[in-house]
């Protein structure tokens with residue numbers, strides 16, 4: 001279980017302080033949690049604070065009761081937190097098999113690595129020895145990154161707008177991957193997203209606006225409030 005207590009994050013901008021997160025308190029338990037809200041509301045910053053990329057200006061972060069507020073991203077990874085970037089990092093000279101083996105943190109067989117690729121809808125034979133370079137599309141990289149997270153088997157997996165920059169076919173496949181992860185993972189999945197289809201498969205939705213928690217509830221409680229009279233999600237309309 002992840003607990004955020006009175007988290008604030010302040011940056012220096014044009015010789016003045018700008019508060020990005022303002023006294024955010026929330027609890028994330030096992031299951032699928034979607035964090036949404038208007039652009040500039042602090043969603044991605046919150047994800048990076050959870051992962052340890054940013055250190056909060058004030059407040060406390062607890063993972064299963066342990067205070068991890070001051071821990072680095074590497075130390076948090078060792079505690080069981082995974083983070084998937086909007087734009088996955090490409091590692092020149094490494095193959096897909098190399099990355100999945102590194103993610104697993106122990107020697108694994110080619111068959112085991114291929115099984116993780118199959119889980120995310122990639123033909124293992126075509127990808128296992130591919131180099132992580134520009135020949136891979138955004139959608140392919142997203143699925144390889146998810147395969148790495150599956151190989152890690154962490155208690156908390158955080159995805160920052162996984163739909164960014166990918167085509168509709170890849171997005172449809174990502175939805176299936178997340179649905180399967182939600183059924184099988186023993187832990188928590190946190191996805192930062194504007195996409196209604198992702199919000200529709202979440203167990204809990206957290207709405208962040210103006211750096212604060214605006215609403216928390218189940219998708220049945222939150223989604224109807226986010227729809228306008230024409231049936232269009234207001235968050236998506238704000239993004240457009």
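The values are calculated or read from the model by the stated rules, or taken from the named source; none is laboratory data. All of these numbers come straight from a predicted model, not from anything done at the bench. As a convention, Cβ positions derive from the backbone with ideal geometry for all residues, glycine included, and neighbour counts pool all protein chains shown.
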Problem - Some residue of the stretch 140-154 being out of contact with any strand residue (DSSP E or B) (no Cβ under 8 Å at 6 or more places or on another chain) and under 22 Å from residue 25 (Cβ atoms) - result: no
Practice task
Please specify each residue of the stretch 112-132 satisfying the condition of being part of a loop (DSSP other than H, G, I, E, B) and touching a helix residue (DSSP H, G or I) at 6+ places or on another chain (Cβ under 7 Å).
Solution key: 120, 121, 122, 128, 129, 130, 132
Fill in the blank from the handout: A careful count of residues in the stretch 19-43 that are under 16 Å from the mean Cα position of the chain (by Cα) and farther than 13 Å from residue 4 by Cβ gives 7
Completion exercise
The condition from (1) over 16 Å from residue 77 (Cα atoms); (2) surrounded by 18 or more Cβ atoms within 10 Å (Cβ to Cβ); (3) within 13 Å of the chain's Cα centre (by Cα) that residue 164 misses is numbered (2)
Practice task
Could you tell me whether any residue of the stretch 97-114 is surrounded by 17 or more Cβ atoms within 10 Å (Cβ to Cβ) and touching a residue at least 60 places away in the same chain (Cβ under 8 Å)?
Solution key: no
Completion exercise
All conditions in (1) out of contact with any helix residue (DSSP H, G or I) (no Cβ under 8 Å at 6 or more places or on another chain); (2) more than 17 Å from residue 44 (Cβ to Cβ); (3) at pLDDT below 75 are true of residue 227 except (1)
Completion exercise
Apart from one, (1) farther than 25 Å from residue 222 by Cα; (2) crowded, with 20+ Cβ neighbours inside 10 Å all hold for residue 36; the odd one out is (1)
Problem - residue 207 vs. criteria buried (at least 21 other Cβ atoms within 10 Å of the Cβ) and over 21 Å from residue 149 (Cα atoms) - result: yes
Fill in the blank from the handout: Within the stretch 168-198, residues being assigned to a helix (DSSP H, G or I), at pLDDT 80 or above and farther than 16 Å from residue 148 by Cα number 6
Exercise for the section: Please work out if residue 101 is more than 23 Å from residue 139 (Cβ to Cβ) and either out of contact with any strand residue (DSSP E or B) (no Cβ under 7 Å at 6 or more places or on another chain) or at pLDDT 90 or above (or both). Expected result: no
Practice task
Say whether the condition of being closer than 27 Å to residue 19 by Cβ and modelled with pLDDT under 85 is met by at least one residue in the stretch 202-224.
Solution key: no
Exercise for the section: Inspect the stretch 210-218 for any residue being surrounded by 20 or more Cβ atoms within 10 Å (Cβ to Cβ), touching a residue at least 24 places away in the same chain (Cβ under 8 Å) and in contact with a strand residue (DSSP E or B) (Cβ under 9 Å, 6 or more places away or on another chain) and give the result as yes or no. Expected result: yes
Problem - Filter pass, residue 201 being in contact (Cβ under 8 Å) with a residue 12 or more places away in the chain, surrounded by fewer than 22 Cβ atoms within 10 Å (Cβ to Cβ), in contact with a helix residue (DSSP H, G or I) (Cβ under 9 Å, 6 or more places away or on another chain) and part of a strand (DSSP E or B) - result: no
